1. Could you check the stretch 59-78 and list, in sequence order, the residues that are small (Gly, Ala, Ser) and touching a strand residue (DSSP E or B) at 6+ places or on another chain (Cβ under 7 Å)?
2. Within the bounds of the stretch 19-37, is there any residue that is over 16 Å from VAL103 (Cβ atoms), at pLDDT 95 or above, in a helix (DSSP H, G or I) and open to solvent by 70 Å² or more (accessible area, probe 1.4 Å)?
3. Looking only at residues in the stretch 68-83 that are surrounded by fewer than 21 Cβ atoms within 10 Å (Cβ to Cβ) and aliphatic (A, V, I, L, M), which one is farthest from VAL24 (Cα to Cα)?
4. Give the stretch 49-67 a look and list any residue that's open to solvent by less than 40 Å² (accessible area, probe 1.4 Å) and assigned to a loop (DSSP other than H, G, I, E, B), or say none.
5. Select from the stretch 68-84 the residues that are in a loop (DSSP other than H, G, I, E, B) and either over 19 Å from GLN7 (Cβ atoms) or modelled with pLDDT of 95 or more (or both) and list them in ascending order.
6. Just name the residue that is modelled with the lowest pLDDT out of those in the stretch 85-98 that are surrounded by 15 or more Cβ atoms within 10 Å (Cβ to Cβ) and among the hydrophobic types (A, V, I, L, M, F, W, C).
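The values are calculated or read from the model by the stated rules, or taken from the named source; none is laboratory data. Model, not experiment: these values are computed from the prediction. Glycine also receives a Cβ, built like all others from the backbone with ideal geometry; neighbour counts cover every protein chain displayed. The protein model used for the area step is the full one, side chains on, heavy atoms only, and it has no ligands, DNA or RNA in it. Shrake-Rupley method; radii C 1.70, N 1.55, O 1.52, S 1.80 Å.
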Amino acid sequence: MRAAVRQFVAHVVGVPAADIMMTVSPYCGSAMPANSCATTFAHDTSKSGGSIYYSVAPLAQELEANATDVEETIWVPMQNGITLEGDVVMSGISEGMLVGMVVFNSPYACHP
């Protein structure tokens, strides 16, 4: 699952997959209260600015309720020795398929 997310982020950002650091949020998993991963994802995406929290929270709750192996990961690309802003991902497995959401925190994700 993480390898596929890494490849996707690398493609969008335009850096080699090996140049992306990843951390896993500790606020997901079966031992955590319901919707804690969704709440953390919505919070972490809104920390970058804007009012995205209320847009992503219901989608994140839906993903958490209907997928397995749900996790939030932060992907931090490096480009020419410069650390770029981290991209926040919530992903899981539903009906045997990888599903998720990515919030890119830098203008590089908006290239044509």
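1. At the first step, the residues of the stretch 59-78 found to be small (Gly, Ala, Ser) are 60, 65, 67.
Matches in the stretch 59-78: ALA60, ALA67.
2. Scanning the stretch 19-37, I find no residue that is over 16 Å from VAL103 (Cβ atoms), at pLDDT 95 or above, in a helix (DSSP H, G or I) and open to solvent by 70 Å² or more (accessible area, probe 1.4 Å), so the answer is no.
3. That would be ILE82.
4. Passing the criteria: only ALA67.
5. If we filter the stretch 68-84 for residues that are in a loop (DSSP other than H, G, I, E, B), which is where we start, we get 80-81, 84.
Hits for the stretch 68-84 are ASN80, GLY81.
6. That would be VAL88.
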